[in-house]
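Here is the structure we will look at, set down as structure tokens.
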Amino acid sequence: MHTAWMVYRFREGIRLGECILAALLIAGFVMIAITVAKAQRDSALSGMQDRVGGVVERIENDVDARAYALSQIANVFAASDFVTYQAWQTLTIPLLEQFPELTGVAYAPWLEADELDRAMAQGQLQEPSFSMFELSPRGPRPLTASGQHAPLVYVSTRDGNVNALGLDVLSEPRRSKMIQQARAEGTLIFSAPLDLVRQPGNIGILAAAPIFRSTQLQGFVISAFSVQPLVTATLTGSGIQGSQLQLIDSTAQAQSVYPPTGGGVLSPIPKDHLRFHRSTTIAGRVWTTVIDLPAPHAAPWIHAIWLLPTLAVLLVVWLNVTRRVQLERTQAQVEAAISDLVTVNRQLEHRERELQDSLAHINRKNRELESFAYVASHDLKAPLRGIRNLSAWLIEDLAGMDVPETVIDHTRRLTKLTQKMTDLLEGLLGFSRASLDEMTERVDLGELVEKARVRVATEHRQFTWTADPLPVVSTRPGTFERVIRELITNAVVHNPHATPTLCLTLVAEAPLTLRLCDDGEPIPADARDRVFEIFQTLKPTGDDVAGLGLAVVRKLVSYHGGRIQVIDNPNTDGTCIEFTWPCTPVSESLATDINKDTA
């Protein structure tokens, strides 16, 4: 029955607007598929262009690195009048090890005919049998001592071949053209691509870095490197195969540098590939990099994206009908839930009013207690003061009479008891009014402690005192001074020694932690909490102690956010009271004030 009702509701729930929405969804998803496919192809093309640019930049950076190394060697020669063969090896051997594609590095001084003896002496440092020669159509021949010359006096090669040692590079056309151009432009120059004799089938490039001292040409640092290993190392990790790249020297009539065959003719574009061209100028020559990469294609799932609208339409229709059916069922439940929420809300409001009434009642009782403590202590002072006066007059009257001494002692005892009662009332009033009403100020804690010490010594008795230096902080000075004074008073009054010894130690500055130790009797562990309660003392101490000092201290420390406890004295048999007093160092307080003023 339920299923048939649902089917009926589904059939009746279809609307014309939903059919129009379905058509719009189908058209929208088709447009999305087309847009996503285009975006993916554009992204792939952008990625390919970035890869091509990265490869070209790496080739340019690698070649620049070799050129820079040769220029540095030239700078060493320019900075020195004479470079020995040992120094030459120190410069070139690490260079050949660092750059495997370098086949050799040579040094050729620029000499006039009358300076060849200097070249001969310098070349013999590498090879005792050193001799200079030049190239002719018939082959090598001894150097003709006329005109200008540039013989290779130092040669370092990877394979140890030094056959070129002593060759006058001005006698070989391509090398002569290269160094003449480097001389004219005053900078490192690359030659046109050439076949490496000792590496058949591989293309090499010569480089010449001129050596100038001031404006005078001194010679050249000449090097040859193989293109194929350089390009292979550059392509490593780039995702581009060597067969996909062609490097052309556009300056030399579009001569192919890599691969070594093919001249300057570009190879046909493979099927389903795209061709990218990038040109860059390095050392006076224009190099064109051609890279063929597979054309990007849209992912297969993008072509199937049109299936999603159909599923989306069915899902939307089903959810829509189901929503209508469920809405009818749940509407009553929602209304019932709302009614329950209203009831709960009323209960919460009633509870909140009760809590507010309770809080007001508690505040009223606290005010009544404070008023009672004040009135009780204040009103009881008058009769106590009268009793104390009467006892004093009675002692004066009895002084001239023949009465037992016990009567006078009892009268004096009555005076002391009334005074103790007065002190108890004063302490009770002080305890009830102990609070943190005063504002914080920047004070020197050392001065407050010294003020409290002097007052206790004056009101009670002298004692031995030592204290650590205390910082300047921002706190409530009156409250802190009373805490210290009550602690010192407690330590002095309850000390059995004639001259008590007290020590105030700064335990920590963040938060401020102080420890007051004495040499009196230690407080037992089971009574260390009880001594902070009102009117509590460990043993009878006569008529001078009211038992309110430590209670006031704990109240003030707690109100201030600190803690206080009794601990063992590590040095004597006495007692130590340690407490924390949250406060702000003056440096931090000043910084906070400056920030507030700036804001």
_Just to be sure I understand, how many residues within the stretch 103-149 are touching a Gly at 6+ places or on another chain (Cβ under 7 Å) and not in a strand (DSSP E or B)?_
6
*Residue ID - farthest from the chain's Cα centre (by Cα), chosen from residues in the stretch 415-451 that are among the hydrophobic types (A, V, I, L, M, F, W, C), part of a helix (DSSP H, G or I) and modelled with pLDDT under 75*: L417
*Looking at the stretch 96-114, which of its residues are exposed (fewer than 14 other Cβ atoms within 10 Å of the Cβ) and touching a residue at least 60 places away in the same chain (Cβ under 8 Å)?*
P100
*Hey, could you check the stretch 231-260 for residues that are modelled with pLDDT of 75 or more, among the hydrophobic types (A, V, I, L, M, F, W, C) and out of contact with any Phe, Trp or Tyr (no Cβ under 8 Å at 6 or more places or on another chain) and say which is farthest from G204 (Cα to Cα)?*
I240
*From the list R118, R138, R58, which residue is charged (D, E, K, R) and either surrounded by 14 or more Cβ atoms within 10 Å (Cβ to Cβ) or not assigned by TED's automatic domain parsing to the domain that holds I211 (or both)?*
R58
*Answer yes or no: is there a residue in the stretch 269-282 that is aromatic (F, W, Y), under 23 Å from E97 (Cα atoms) and modelled with pLDDT of 75 or more.*
no
_Contacts under 7 angstrom Cβ, first residue in the stretch 487-515 being of a type in the set (G, A, S), partner in a strand (DSSP E or B), 6 or more apart_ = A491/L502; A491/L516; A491/D518
*asked:* Looking at (1) more than 18 Å from A78 (Cα to Cα); (2) free of Cβ contacts under 8 Å to residues at least 60 places away in the same chain, which one does Q122 not meet, given that it meets all the others?
replied: (1)
*Answer yes if at least one residue in the stretch 73-95 is loosely packed, with under 12 Cβ neighbours inside 10 Å, part of a helix (DSSP H, G or I) and among the acidic types (D, E), and no otherwise.*
no
*Of all residues making up the stretch 142-175, the number that are among the charged types (D, E, K, R) and more than 25 Å from P193 (Cβ to Cβ)*: 0
*Out of curiosity, is E447 exposed (fewer than 14 other Cβ atoms within 10 Å of the Cβ) and touching a strand residue (DSSP E or B) at 6+ places or on another chain (Cβ under 8 Å)?*
no
_Quick check on the stretch 72-81. Is at least one of its residues touching a Lys or Arg at 6+ places or on another chain (Cβ under 7 Å), modelled with pLDDT of 80 or more and of a type in the set (A, V, I, L, M)?_
yes
*Return yes when D42 is assigned to a helix (DSSP H, G or I) and either assigned by TED's automatic domain parsing to the domain that holds L95 or at pLDDT below 75 (or both) and no when it is not.*
no
*For the subset of the stretch 176-214 comprising residues that are charged (D, E, K, R) and modelled with pLDDT of 85 or more, which member is surrounded by the most Cβ atoms within 10 Å (Cβ to Cβ)?*
R183
_Quick check on this structure: which one of I20, I32, I26 is β-branched (V, I, T), loosely packed, with under 12 Cβ neighbours inside 10 Å and either outside the structural domain of E101 (by TED's automatic domain parsing) or more than 38 Å from the chain's Cα centre (by Cα) (or both)?_
I20
*Just one of (1) in contact with a strand residue (DSSP E or B) (Cβ under 9 Å, 6 or more places away or on another chain); (2) modelled with pLDDT of 90 or more trips up V454, so point out which.*
(1)
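The values are calculated or read from the model by the stated rules, or taken from the named source; none is laboratory data. Since this is a predicted model, take the numbers as computed values, not measurements. All Cβ positions, even for glycine, are placed from backbone atoms using ideal geometry, and neighbour counts span all protein chains on display.
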